[in-house]
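Each remark here refers to the structure printed beneath this line.
The values are calculated or read from the model by the stated rules, or taken from the named source; none is laboratory data. All values reported here derive from a predicted model rather than from experimental measurement. No Cβ is skipped: glycine too gets one built from the backbone with ideal geometry, and neighbour counts run over all protein chains shown.
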Amino acid sequence: MIKPTAVVIGGVGKLPYAGMSLYYLHHVTGLQRLGYEVHYVERQNRSHESYDPQTGTMTDDPRQALRYLAGILPRFGIDDGHYSFITRADECFGSGWERLRMVLDSAAFVLTVADPTWFDELERCSRRLYIDGDPMFTQVAMATGAGTRAEAAAHYDCLFTYATRIGRPGCTVPAAGRTWIGTRPVVDTASWSVAGASRSLPVTAVMHWAAGADLEFEGRTYGHKNREFERFIDLPRRARGPFRLAVGGGGVPRARLEALGWNVVNPLQHTQRLEDFRALISGSSADFGVAKNAYVASQSGWFSDRSTCFLASGRPVLHQDTGCGDWLPAGKGVLLFSDMKSLLEALHSLDADYEEHARAARSIAEEHFEASAVLEKMLQAGGLR
């Protein structure tokens, strides 16, 4: 029996970190479990969009991205003929243009995960779905017509968003004239093992300090994680540790963080290889999930894709409340906090019965974030199943 083909568009090679790779590749695995053959596509949409960890620079040179893809994609059942990497010069590596056009002609659908991508050949497949993983920033770009997000989204008929509360009271994420379907990040739990959970291990935060400029919309300012982290920056002085912070990006106040008791580590040393990222998670007692200020202030309902990996590994998650408690059961395995008081209470609950929280974490991953189940519901909502 010939399997239907799903085309998945992501950014694995352009941002070659294990956490980012799994963000996209869990969608690949989920679709494979649903019976699809997956053709993976990536395109350099803007100048200097690819990161080279060897030089620490952004570049248009595709060689580092291609090396990374050649190493990681076969581990997820994707060989040279089943992926395409399109450069700024419109070269198509991997499959080549002829093969990619044939795939698009027969594909069941195109699923673009977060990375705003459009090129004319995608017209060959009329069923196109887009997942917004950066709510508020995406919708404001569409509402104002600014940037590639607005340009790309116009070509997709079915739009999903991690702003699960969009259109509900208290949520300020604009619809930008489109219909949005709320969804959530996914994880393939079968690829994560549960072992060695212990409260004596560090509580770990993995984050980008600031991913760009603040966002101004309708008289309000929406910021990034650094704005929210400041509210909890003295946590190591207030609670039982240890606390580990794998943080990247510009403007990180490393000396100040270390003086306050954070064990600040280089995220590249822990996130470049899948094995290192898994070791970081298994070597943690819990995930400390601070959200972007925009996700919190807009009461979007967003939940972290990184946190789903902790949950699948049987590691409890301390997650900043974005309104996600509307759809995600919290209290065991996932503990929501909104200020220092509720964060300290969540840590106290973790100390009181860590093993129960660890068991609940894995159960939550299986029940609420399993890739095949979430994607099945999305495809049904999009009229494709």
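Report the residue count in region 305-356 for those that are in a loop (DSSP other than H, G, I, E, B), touching a residue at least 60 places away in the same chain (Cβ under 8 Å) and within 19 Å of Val194 (Cβ to Cβ). The qualifying residues number 3.
Confirm whether Gly241 is under 25 Å from His357 (Cα atoms), surrounded by 15 or more Cβ atoms within 10 Å (Cβ to Cβ), assigned by TED's automatic domain parsing to the domain that holds Ala312 and at pLDDT below 95. Steps first, answer last, please.
On the way: under 25 Å from His357 (Cα atoms): yes; surrounded by 15 or more Cβ atoms within 10 Å (Cβ to Cβ): yes; assigned by TED's automatic domain parsing to the domain that holds Ala312: yes; at pLDDT below 95: yes.
So Gly241 passes the test.
Just the residues that are of a type in the set (D, E, K, R) and on the phi < 0 side of the Ramachandran plot, please, taken from region 74-99. Arg75, Asp79, Asp80, Arg88, Glu91, Glu98, Arg99 - these are the residues of region 74-99 that are of a type in the set (D, E, K, R) and on the phi < 0 side of the Ramachandran plot. Quick check: anything in region 314-327 crowded, with 16+ Cβ neighbours inside 10 Å, at pLDDT 95 or above, at positive phi and not charged (D, E, K, R)? Yes, that holds for at least one residue. List every residue pair whose Cβ atoms lie under 6 Å apart, where the two residues are 6 or more positions apart in sequence or sit on different chains, the first residue falls within region 269-285 and is more than 20 Å from Gly241 (Cβ to Cβ), and the second residue, located anywhere, is among the polar types (S, T, N, Q) and buried (at least 17 other Cβ atoms within 10 Å of the Cβ). Partner pairs satisfying both residue conditions: Phe277/Thr271.
It is to be established whether one or more residues within region 244-260 are touching a residue at least 24 places away in the same chain (Cβ under 8 Å) and within 16 Å of Met340 (Cα to Cα).
Step one: of region 244-260, the residues touching a residue at least 24 places away in the same chain (Cβ under 8 Å) are 244-252, 257, 260.
This time we only want the ones that are within 16 Å of Met340 (Cα to Cα), so: 260.
Yes: one or more hits.
Could you check region 1-56 for strands (runs of 3 or more DSSP E) lying wholly inside it with 3 or more residues that are more than 16 Å from His82 (Cβ to Cβ)?
On the way: elements: 5-9, 37-43, 50-52.
In region 1-56, 50-52 are the strands (runs of 3 or more DSSP E) which contain 3 or more residues that are more than 16 Å from His82 (Cβ to Cβ).
Within region 232-274, the residues that satisfy the criterion of being within 18 Å of the chain's Cα centre (by Cα), part of a helix (DSSP H, G or I) and of a type outside the set (Val, Ile, Thr) are Leu268, His270, Leu274.
For region 244-287, what are the residues that are over 28 Å from Gly13 (Cα atoms), of a type in the set (Ser, Thr, Tyr) and surrounded by fewer than 19 Cβ atoms within 10 Å (Cβ to Cβ)? Listed by number, the list is empty, since nothing qualifies.
Considering only residues that are of a type in the set (S, T, N, Q) and either at pLDDT below 95 or surrounded by fewer than 19 Cβ atoms within 10 Å (Cβ to Cβ) (or both), which ones fall in region 74-116?
So in region 74-116, the residues of a type in the set (S, T, N, Q) come out as 84, 87, 95, 106, 112.
Across region 74-116, the qualifying residues are Thr87, Ser106.
Sort out for me the strands (runs of 3 or more DSSP E) sitting completely within region 125-197 that have 2 or more residues that are more than 16 Å from Arg306 (Cα to Cα) and either among the β-branched types (Val, Ile, Thr) or in contact with a helix residue (DSSP H, G or I) (Cβ under 7 Å, 6 or more places away or on another chain) (or both). Steps first, please.
Numbers: elements: 128-132, 158-161, 180-182.
By residue number, 128-132, 158-161.
In this structure, does Ser363 turn out to be in a helix (DSSP H, G or I), touching a Gly at 6+ places or on another chain (Cβ under 9 Å), polar (S, T, N, Q) and without any contact (Cβ under 8 Å) to a residue 60 or more places away in the chain?
Working: in a helix (DSSP H, G or I): yes; touching a Gly at 6+ places or on another chain (Cβ under 9 Å): yes; polar (S, T, N, Q): yes; without any contact (Cβ under 8 Å) to a residue 60 or more places away in the chain: yes.
Considered against the rule, which asks whether it is in a helix (DSSP H, G or I), touching a Gly at 6+ places or on another chain (Cβ under 9 Å), polar (S, T, N, Q) and without any contact (Cβ under 8 Å) to a residue 60 or more places away in the chain, Ser363 comes out as yes.
Taking the numbered list (1) outside any loop (DSSP other than H, G, I, E, B); (2) within 15 Å of Val7 (Cβ to Cβ); (3) free of Cβ contacts under 8 Å to residues at least 60 places away in the same chain in turn, Leu104 passes all entries but (3).
Quick grid of which residues meet (1) within 22 Å of Gly30 (Cβ to Cβ); (2) β-branched (Val, Ile, Thr):
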{"site": "Arg306", "(1), (2)": "yes, no"}
{"site": "Cys324", "(1), (2)": "yes, no"}
{"site": "Leu335", "(1), (2)": "no, no"}
{"site": "Ala358", "(1), (2)": "no, no"}
{"site": "Ala361", "(1), (2)": "yes, no"}
{"site": "Glu370", "(1), (2)": "yes, no"}
{"site": "Val374", "(1), (2)": "yes, yes"}
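Conditions (1) under 28 Å from Leu235 (Cα atoms); (2) touching a Leu at 6+ places or on another chain (Cβ under 6 Å); (3) modelled with pLDDT of 95 or more, marked per residue:
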position	(1), (2), (3)
Arg165	no, no, yes
Trp180	no, yes, yes
Ser193	no, no, no
Asp214	yes, no, no
